[in-house]
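These notes are about the structure you will find just below.
Derivation of every value follows stated rules applied to the coordinates shown; laboratory data play no part. Just so it is clear, the model here is predicted, and its values are computed rather than measured. Every residue, glycine as well, gets a Cβ built from its backbone with ideal geometry; the counts of neighbours run over all protein chains shown.
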Amino acid sequence: MRLHYLLLYFLCFNFSFAQYIKGRVVDDLNQPLAAANVYYEGTTLSTFTNDNGDFILVYEPQLKRPIVVSYIGYVTTYVESYTISEHLTIKLTQDIGALREVVVKKDKFSRKEKMAIFKEHFLGKTAFGLKTIIENEDDIVLEYDEETFMLKAYANKPLVIVNPSLGYKINYELVDFEVQFSILSLNPHAIKRSYYAGYTRFEEIENSSRILKKREQAYRGSPMHFYRNLINGIWGKNDFQLFLRGHLTNPSNHFTVTKEADRYKVDIKRQKIDFENDNLVAFFGLLFDGNENSIVQFNAETIYVDPYGNNLSSRDVSFSGFIQFKRLGDTLPLNYGL
């Protein structure tokens, strides 16, 4: 009997210290919207509004991610600033189908050719990326600018993506996608850089032991893994090793990590660069698990990383080599493993 009381005490103790973000979702006429989706971007942490449009979302103080609110037929809204003391009122406006005026431009490349490049640089070409499916592929608009040699992609609707390898269904709001070529071509050898950005909600559809092993496989050697190791000072031959000009180097000579209230500040020591590049602060070789080679480049002397391994200064860091092959098809929720 004493054991039962002790267990009840701890359950009550934990519940009493839980904190929540509370709010209401309404339309332009201030009428409540029931069953609206409310979630932290890039995670599995989500909830729905009730019949009165009210929601309660567990507060994660270390998770510096926007709260995303979506509802069929309405424009998705992003809440960047929120506190537990504030009762949010989030107003959604009706989507009249003209968020982006689509003008079909003819170019020399077929949709099939452009879609192949899009999938390679959005989903990735790893084993997991190749098996990932975009269910509403027809909602993607692909444009190739023959003057700038750039491929861009747009979507007026969230992309519905199924990753059977990792057991997730992903709702993805595509904000930006571009692949820059050096010449008028879609040849992979002519690619100078690629970039995509968006808002992601993960829904777990399977969690068998087989799936869990694949998730760990996707995590190891990923950018998330790198950033978590960086802020925690974890380096070694079974993890990441850092190289400078081909020689193994001590990370503490190059990085100073400071724990702040809800994030980590990472200061990078500026290198003497042998070639002209005004933005480049430092670059290193990375070797993961003894056989996966990559390069990491820092374009700022300071970056910020949250405890989940999410780089808050994403435009100031770029990867090439093995690690860059891990695209959305290998991406895990930010709360993975925590």
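Where Rh denotes the Kirkwood radius from the mean inverse Cα pair distance, what is Rg over Rh for the chain?
Rg/Rh: 0.99.
Tell me the GluC sites (Glu not before Pro) within the range 202-282 that lie in a loop according to DSSP and have at most 14 other beta-carbon atoms within 10 Å.
Counting only loop positions with at most 14 other Cβ atoms within 10 Å, the GluC sites (Glu not before Pro) in the range 202-282 are Glu206, Glu260, Glu276.
Using DSSP to call loops (not H, G, I, E or B), can you name the trypsin sites (Lys or Arg not before Pro) in the range 187-235 whose Cβ has at most 15 other Cβ atoms within 10 angstrom?
Arg220
Can you run phi through the Karplus equation (6.51, -1.76, 1.60; θ = phi - 60°) for the range 54-65 and list ³J(HN,Hα) in whole Hz, with x for Gly and Pro?
7, 9, 10, 10, 4, 7, 10, x, 8, 8, 8, 10
Normalised by the number of residues in the chain, what is the relative contact order in percent for Cα pairs under 8 Å and 6+ residues apart?
Relative contact order for the chain comes out at 14 percent.
Let's test the formula: R0 of 30 Å, r as the Cβ-Cβ distance of Lys22 and Glu260. What FRET efficiency results, to the nearest 0.05?
Efficiency computed from Cβ-Cβ geometry: 0.65.
Percent of Cα-Cα pairs more than 17 Å apart in the range 122-161, please.
That tail contains 44 percent of the Cα-Cα pairs.
Amide H neighbours of Thr302 under 5 Å, counting only residues 5+ apart in sequence or on other chains, H built in-plane at 1.01 Å?
Ile268
Find the centroid of the Cα atoms in the range 130-195 and in the range 249-309, then give the distance between the two in whole Å.
Taking the Cα centre of the range 249-309 as reference, the centre of the range 130-195 is 28 Å away.
Sort 61-69, 318-326 by packing, meaning the average of other beta carbons within 10 Å per residue, with the highest value first.
61-69, 318-326
Length gain on complete extension for the stretch Asn238 to Asn187, per 0.36 nm per residue less the alpha carbon to alpha carbon distance?
Value of the extension gain: 14.8 nm.
What is the extension gain from Thr249 to Glu206, computed as 0.36 nm multiplied by their sequence separation minus the C-alpha to C-alpha distance, in nm to one decimal?
Fully extending the segment from Thr249 to Glu206 adds 11.4 nm.
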